[in-house]
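Step one of this worksheet: look at the structure below.
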């Protein structure tokens, strides 16, 4: 029985195209996901079918839904007023539980607990917002039009402007970065539509209120990025590539073709250890091994996929629009991304791909991070800790049912076969 279960599990994980293990229903057109401990924040876009700015029958405002990451149940939900909400570009400060959202010509602050509106921090028309929780600052991208360079404005959480930095044409997604004593912001500039002049601008602090800016051309219509270490992995929609940019030297260090074409190009990126997950309008999510620059797996979404997030060994993917009609979709697919062949790299416990647990009730793993168990159906379970230190955790397995499980800390994983 254990052997057959493991064979099924390996078949699911090792197939060329993997399928969702769970689905969460949402309001129409989910576009952004933000993981926050044991919950996931889901943002859906406004549905304005005729683009006239007036709410009519069959149209709906943008929404914010908070979902329990493990039970998949909705905990809170709210609809925004009928206004221009940049639902695909909010930003979370998890340390203080604050969500910043570009909404109706202002940047609004909400408490994540109860989705309580706090204040309009600044009254500016912005297209994306990013936060720097370590410095209690946020930054917004602004554009005068679609053809001329835009700016990034940096503010304190109190709304005091710190600096304005010139960036590229049509700035969009923005996030903070840091490495040692160096820090700043990086913004995606889409450039002129259909032309290979899209870029990222790396903004670096040179003083309390002064910044330098370096711009790196990455291709046709970059849309999103995710940072791993000091490399920004930029999703370039029109060029159908994932481009690695070294933040410290402001140089392109890698380019990976996404195997898409036409209007079905890549959209957004999420990173899990050495792997990047890239959503596409081709109905799949590509897994890219960043150390080898190769596509290693594909996940079948059967919809035009947008934002993603990772919780434990689960990849959450927004199914924004139907694959052929572009009509709003209303769901999130959840995939297990655990790999049974992965082992702890430090060769300590566990030191092999498989651990057989029979009579002992605990297992010790050498990690400083929280761990998660996932079974052959992709469901996750948070194990109980017996003891924890900065370097290791002793895990109680006595309540875990028999079967094949993946034990992972989000960076390393091993398969645990429990047989009683």
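The values are calculated or read from the model by the stated rules, or taken from the named source; none is laboratory data. Owing to the predicted nature of the structure, the values given are computational and were not obtained by experimental measurement. Note: ideal-geometry Cβ built from the backbone for every residue, glycine included; neighbour counts use all protein chains shown.
Overview of results
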read-out: Odd one out for residue 290 among (1) under 19 Å from the mean Cα position of the chain (by Cα); (2) within 23 Å of residue 227 (Cα to Cα); (3) modelled with pLDDT under 90; value: (3)
read-out: Residue within region 124-137 that is over 26 Å from residue 334 (Cβ atoms), in contact with a strand residue (DSSP E or B) (Cβ under 9 Å, 6 or more places away or on another chain), free of Cβ contacts under 8 Å to residues at least 40 places away in the same chain and in a strand (DSSP E or B) present; value: yes
read-out: Selected residue [touching a strand residue (DSSP E or B) at 6+ places or on another chain (Cβ under 7 Å), within 27 Å of residue 334 (Cβ to Cβ) and assigned to a strand (DSSP E or B)] from 245, 218, 256; value: 256
read-out: Test result for residue 238, touching a residue at least 40 places away in the same chain (Cβ under 8 Å), touching a strand residue (DSSP E or B) at 6+ places or on another chain (Cβ under 9 Å) and not in a strand (DSSP E or B); value: yes
read-out: Any hit, region 207-219, residues being within 24 Å of the chain's Cα centre (by Cα), within 25 Å of residue 92 (Cβ to Cβ) and either in the same structural domain as residue 104 (by TED's automatic domain parsing) or surrounded by fewer than 24 Cβ atoms within 10 Å (Cβ to Cβ) (or both); value: no
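For every residue, the table says whether it meets (1) at pLDDT below 75; (2) more than 19 Å from the chain's Cα centre (by Cα).
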site: 305; (1), (2): no, no
site: 327; (1), (2): no, yes
site: 336; (1), (2): no, no
site: 342; (1), (2): yes, yes
site: 374; (1), (2): no, yes
site: 394; (1), (2): no, yes
site: 406; (1), (2): no, yes
